[in-house]
Structures are given as structure tokens and as C-alpha cells.
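Novice: So that we are looking at the same thing, I have put the structure below in C-alpha cells.
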Amino acid sequence: MIIVKGKTPTPTIGFDTYWRFAKSRQDIFFARYHAQPKPWCQDPVLAEYKFTNVYRACDRVSQYLIASVIYNQTWSYPDTFLRVMLFKLFNKIDTWQLLERHFGEISLTTFDVDAYDKVLQQALDKGQRIYSAAYIMPSGSVKKYGKMRKHRFHLELLASLLRREFHLTLQDSQSMKSGFIQLLSVDSIGKFLAYQLITDLNYSRYFDFSEGEFVMPGPGALDGIKKCFSSLNDYTPADTIHWMMDQQQHHFARLGLTFKTLWGRDMQLIDGQNVFCEVDKYCRVAHPELAGISGRSRIKQKFSQTTQGIKWCFPPKWQLNLKQC
């Protein structure tokens, strides 16, 4: 989608850093993919701190979702909706695997609010974390739903969506934006989460929205955008991500950077906003003079190599030039 909207954003030093970061982080991805030995890069910031992949679908949790939640077998659409939503409400592989150990394959036939609640409560009582720390999942309104633990609320919410066949209404959406709006109407689901959920559901065979149609920048991306531009001028943050992705090949070439795409797939809008989140963190060390919105000045997580292997898998409809799941 080509954005032409008056005066374009005014770049800071962070603008070129965006493209250099994307190239270097993608080089690290392929070095690790091909099991090459360290060092994977010469950038001391990338070597020391944890940054997610350029392509959202390449990160460990997204890979688990695609390979083990969506495509581990052929699920019906209602089962797929249940599985994706349940996984993403907690967004934690350990929680999913805990439920599978107790109930087997998660589907409409095994989903039971009381039984799942009991297992999750037992895990909490043992001091285990059942939610990912990646982003905060809101609880339901006490006034509207009564007092209940957050995990119970999310189980009840999912059961309610299935009872009223929300998934069928969602499947009738004609665009990613209309699906986003449907999810935004669900209690406790805000803009950032609705965008993440429609993106995850779109990995499945039951949706085929263009990822170049719609983007909803999250808080981290807004921080990154603020550091890359002194003014957006006539552009909104969403316009800016569209504009960046429209001209990605031009800027890699302008800077003399050879960017390795995902087997022929250029960065999509979700990836562009993802890189803005990571560039916000990167600039805290590389360009501390650049101010964001949140005021954060440190990168919390150091890089720690996981010993867990990844079963690489991407949606077959992407038609990437590698073995599909």
C-alpha cells in the first residue's frame, strides 16, 4: 500500500539505525538458523542484549504457535479459533504444555473452564507463572464480572465467545481491519492485543488477509517511531510504518546493506512495527540522546542463548522457498 500524504516524516539519526539494525538482526537469525558458531555479528549492543527477530513469525513463541498450535494437525475452524485464542491469552508455551499434559490435545471436546481453572490455580499455588511477561493481559471488570482470578476470567471469556459463536462472526470479516474491530469489541481486549490476535489467527488456513493492509502500532513501536523521526509532519504512526515498508528495498540499497529477506518475503507491516519496538530498545544504548515517549533508558534483558530447538514452520500459504510445516 503506497502512502502519499503531504510532507513525509523528518528523520533523526535513528532512521538509518532502523535499517542497519534490521539488516544485522536478520543476519543473526540466519547465522543461528544455519547453526553457525559465534560471533554472529560485530555489533556490541546486539551481542549483549536480547532483541526479537525482525520477522515476528520467526520468534520462538510465534514459531510454537504456528507449528504446534495451528499446524500440528488439521483442525476445524472452531477448534483452531479456540486453540489460538487460548494460547495467546496466556502467550506462554509452558502454560500450553501444562494444559496438554492434563487434558491431551486441546479442542472443543476437551475444553472445560472448571477443569482448566483448577490446573492453572494449582500451578499458581506452586509459585509458577502462567502468563508471559511480554505484555500485560488485562483482567475483566470486577463490577461487571465479579471478583475472580485473571486466568478464570480469560477462560470464562473464551467460553462465552464460543457460546455466542463470535468466531463465526469474526470469520465473516472482509479485511484484517474489520477483524481487528470485531476483536476490539471483546471485553478487555485493547487495540494492541486485538492487532496481535488477528495477526495470529491470520496465520491459519481459515483467514487470508493481506498483511500489507492494516497496522496498529503498539506502545514500543510508538517509542521507536519517536526516536527515528523528529516530526511525523502529515503522517500518522500507522502511515509511517506503511511508508517505511513501501520503501524498504530503497533504503537498504541507499545504505549499501544487503538485507536477507525471509526466503523471498519482504518485511510486512507487523514486522515493520516490530522493528520499531526493537529499535527503541537499541537506541537506549546506541543513541541515548534520542528521547522516546515512555522515558525508558535501559535494556532490561541480556541475551541468553536457549538450548531448546525450534521446529521451523511457516504458514504454507506464504509459499516460502523452504520446507513447509
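The values are calculated or read from the model by the stated rules, or taken from the named source; none is laboratory data. Predicted model, so just to flag it, every value in this text is computed and none were measured. So basically every Cβ, Gly included, is an ideal-geometry build from the backbone, and we count neighbours across all protein chains shown. All accessible areas refer to the heavy atoms of the entire protein, side chains included, with ligands and DNA or RNA removed. Shrake-Rupley method; radii C 1.70, N 1.55, O 1.52, S 1.80 Å.
Novice: Within region 240-272, restricting attention to residues that are among the charged types (D, E, K, R) and open to solvent by 10 Å² or more (accessible area, probe 1.4 Å), which residue is farthest from the chain's Cα centre (by Cα)?
Specialist: Out of the qualifying residues, it is Arg254.
Novice: While we're on this one: Considering region 140-156 alone, what residues qualify as being at pLDDT 75 or above, surrounded by fewer than 18 Cβ atoms within 10 Å (Cβ to Cβ) and not basic (Lys, Arg)?
Specialist: Across region 140-156, the qualifying residues are Met148, Glu156.
Novice: Residue under question is Arg129, and the condition is that it be open to solvent by 50 Å² or more (accessible area, probe 1.4 Å), free of Cβ contacts under 8 Å to residues at least 60 places away in the same chain, among the charged types (D, E, K, R) and not in a helix (DSSP H, G or I); does it hold?
Specialist: Criteria met by Arg129.
Novice: Tell me whether region 207-229 contains one or more residues that are touching a Gly at 6+ places or on another chain (Cβ under 7 Å) and open to solvent by 60 Å² or more (accessible area, probe 1.4 Å).
Specialist: yes
Novice: Moving on to the next point. For Gln182, only one of the following conditions fails: (1) assigned to a helix (DSSP H, G or I); (2) modelled with pLDDT of 95 or more; (3) within 18 Å of Ser62 (Cβ to Cβ); (4) of a type outside the set (Asp, Glu). What is its number?
Specialist: Failed condition: (3).
Novice: Of the residues that sit in region 26-69 and are part of a loop (DSSP other than H, G, I, E, B) and polar (S, T, N, Q), which one is surrounded by the fewest Cβ atoms within 10 Å (Cβ to Cβ)?
Specialist: Here the answer is Gln42.
Novice: Give the residue, chosen from Asp187, Asp234, that is farther than 30 Å from Arg164 by Cα, acidic (Asp, Glu), open to solvent by 40 Å² or more (accessible area, probe 1.4 Å) and in a loop (DSSP other than H, G, I, E, B).
Specialist: Asp234
Novice: Can you find, within region 94-114, the residue that is most open to solvent (accessible area, probe 1.4 Å) among those that are of a type in the set (S, T, N, Q) and either under 15 Å from Tyr64 (Cβ atoms) or touching a Ser or Thr at 6+ places or on another chain (Cβ under 6 Å) (or both)?
Specialist: Out of the qualifying residues, it is Gln97.
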